[in-house]
């Protein structure tokens, strides 16, 4: 078996701004493993928010230890000390390789029906005029997710609501104190949003969500930065409506399934999210999208230079390819 590691740099069409940062260039690490004429690929999407960068992730993947390419669980356990985004690349590459060798898609390998997800499309933080104009360009999209970081952005959201018929989701990326967040979600409910994501800092603890979730009801409040792995989920039960599962946070498809099943066992909603990723990373997440309530897999839709082809994006719909594995190949 042969393996290789490559770092690629991708760019978003517009500067992508959230409450704590903004960027238009992202480094992603691609892990490939080949055997018997088949190649499996996985993508790592490291972020400094979780203490990871492309250099460290690439070094970890260079040292990946895979004894049996069919033994996905064994390899994940053996490499468990890797940064989660590196483990994601290994996990996804192994699923891709095994499924390609069997001649089936990854969702079939997992015993799932063919998913037909409709994803939100994210509007990063920008001035009101720019955001409203962009929302109007996206009239065919059924769901828009709007990033907010302060009260000015709430007013921008109100203007979007007046000019768009799409379902509106809101992501605050921990921007508000627990006290202020109660007032914020009350306002968001009045505006008519359909979902609110991580309004309070993860550092404030699960209990910080309680009053916020009560104030937002019946609009669901979803934990993102507070829910990194399956182990975080039980402590959030009863305080939030659900959790946002991201492969790059938790460590790949297998670990994402653990999070989903843990959340369901606690009666919680599940959102499937992503980082800014290429179609390689998005296709991996989309394989399990039929198991969740909210799909936010627009990472590749935001790119100006996606280096992979496979999924087709039609106004938020993600059409997975018929080819085996993840169905993704370099352009």
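Against the condition farther than 19 Å from residue 106 by Cα and crowded, with 19+ Cβ neighbours inside 10 Å, how does residue 262 come out, does it pass? Criteria met by residue 262.
Checked against (1) touching a helix residue (DSSP H, G or I) at 6+ places or on another chain (Cβ under 9 Å); (2) surrounded by fewer than 21 Cβ atoms within 10 Å (Cβ to Cβ), residue 12 passes all but condition (1).
If only residues of region 110-133 that are outside any loop (DSSP other than H, G, I, E, B) and in contact (Cβ under 8 Å) with a residue 24 or more places away in the chain are counted, the one that is farthest from residue 318 (Cα to Cα) is 128.
Looking across 316, 252, 290, one residue alone is touching a helix residue (DSSP H, G or I) at 6+ places or on another chain (Cβ under 6 Å) and either buried (at least 18 other Cβ atoms within 10 Å of the Cβ) or within 27 Å of residue 223 (Cβ to Cβ) (or both). It is 252.
Taken as a whole, the condition of being closer than 24 Å to residue 29 by Cβ and surrounded by fewer than 24 Cβ atoms within 10 Å (Cβ to Cβ) applies to residue 275.
Within region 161-184, being part of a helix (DSSP H, G or I) and buried (at least 23 other Cβ atoms within 10 Å of the Cβ) holds for 181, 184.
Looking for something more than 16 Å from residue 291 (Cβ to Cβ), under 15 Å from the mean Cα position of the chain (by Cα), surrounded by 17 or more Cβ atoms within 10 Å (Cβ to Cβ) and not assigned by TED's automatic domain parsing to the domain that holds residue 72 - is there at least one such residue anywhere in region 200-223? Yes, region 200-223 contains a residue that is more than 16 Å from residue 291 (Cβ to Cβ), under 15 Å from the mean Cα position of the chain (by Cα), surrounded by 17 or more Cβ atoms within 10 Å (Cβ to Cβ) and not assigned by TED's automatic domain parsing to the domain that holds residue 72. Counting the residues of region 58-81 that are free of Cβ contacts under 8 Å to residues at least 40 places away in the same chain and closer than 16 Å to residue 33 by Cβ gives 11.
The values are calculated or read from the model by the stated rules, or taken from the named source; none is laboratory data. Since this is a predicted model, take the numbers as computed values, not measurements. For neighbour counting, all protein chains shown are included, and Cβ atoms are generated from backbone atoms with ideal geometry for every residue, glycine included.
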